[in-house]
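Structure, as structure tokens:
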Amino acid sequence: MLAQRFRTSPHKQLDIEALKAAIQRQIEQMVAENPARIDFLERFKALIDSYNNGSRNIEDLFDALVALAGALSDEQQRHVRENLSEPELVIFDILMRPAPKLSAKEREQVKRVARELLARIKETLVLEWRQRVVTRARVQLKIQEVLD
């Protein structure tokens, strides 16, 4: 329905700009929550660059942006599929970079470590913890204990 409305729109450029702005806001929010999602921002910029360079027409850009929006929606629901909270997913993604080939059992172990690490860090965190050397050292020690 959205595609049909776009194809018949007399203001395709305005529609594209609105879609780009919405996707960019969504990506920026997702990257702020989980830096491992930076790939989506890079894909978005590559799409825009390819359009600006003339290698895509406006219909192709629209289709690619709609596909990217679908991928963003899937990514936002990934924590549910992985059975992790959003903060646990951030830690899980950090531990899984670069993406190793793991069995299902090994993936579950990494998820368990992510949960445990988050719980241990939460015990230590206080307001403005990054500004205090002692608190930063405690957080680092907790991370090392869990990962060892």
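Summary of values
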{"quantity": "Residues located in the stretch 1-36, provided they are out of contact with any helix residue (DSSP H, G or I) (no Cβ under 9 Å at 6 or more places or on another chain) and not in a helix (DSSP H, G or I)", "calculated": "M1, P10, H11"}
{"quantity": "Test result for V113, touching a Phe, Trp or Tyr at 6+ places or on another chain (Cβ under 9 Å) and among the aliphatic types (A, V, I, L, M)", "calculated": "yes"}
{"quantity": "Residue within the stretch 53-60 that is assigned to a helix (DSSP H, G or I), out of contact with any Cys (no Cβ under 8 Å at 6 or more places or on another chain) and crowded, with 17+ Cβ neighbours inside 10 Å present", "calculated": "no"}
{"quantity": "Answer residue from the stretch 1-28, given it is farther than 19 Å from N52 by Cβ and modelled with pLDDT of 95 or more and is least open to solvent (accessible area, probe 1.4 Å) among those", "calculated": "Q26"}
{"quantity": "Subset of the stretch 43-52 [of a type in the set (A, V, I, L, M, F, W, C) and either surrounded by 13 or more Cβ atoms within 10 Å (Cβ to Cβ) or under 14 Å from F6 (Cβ atoms) (or both)]", "calculated": "F44, L47, I48"}
{"quantity": "A46 being modelled with pLDDT under 95 and of a type in the set (G, A, S)", "calculated": "no"}
{"quantity": "From L102, L141, residue being outside any helix (DSSP H, G or I) and either free of Cβ contacts under 8 Å to residues at least 12 places away in the same chain or over 30 Å from F6 (Cα atoms) (or both)", "calculated": "L102"}
{"quantity": "Scan of the stretch 98-132 for residues that are within 23 Å of D39 (Cβ to Cβ), of a type outside the set (A, V, I, L, M, F, W, C) and surrounded by 10 or more Cβ atoms within 10 Å (Cβ to Cβ), ordered by number", "calculated": "P100, E106, R107, K111"}
{"quantity": "Residue match in the stretch 61-76 (condition: assigned to a helix (DSSP H, G or I) and over 19 Å from R25 (Cα atoms))", "calculated": "no"}
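Yes/no matrix, rows are residues, columns are (1) touching a strand residue (DSSP E or B) at 6+ places or on another chain (Cβ under 8 Å); (2) among the hydrophobic types (A, V, I, L, M, F, W, C); (3) under 17 Å from H79 (Cβ atoms):
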| position | (1), (2), (3) |
| --- | --- |
| L89 | no, yes, yes |
| R115 | no, no, yes |
| R120 | no, no, no |
| L147 | no, yes, no |
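The values are calculated or read from the model by the stated rules, or taken from the named source; none is laboratory data. All values reported here derive from a predicted model rather than from experimental measurement. Glycine gets a Cβ as well: all are built from the backbone with ideal geometry, and neighbour counts include every protein chain shown. Heads up: the accessible areas ignore ligands, DNA and RNA and are worked out on the full protein's heavy atoms, side chains in. Shrake-Rupley method; radii C 1.70, N 1.55, O 1.52, S 1.80 Å.
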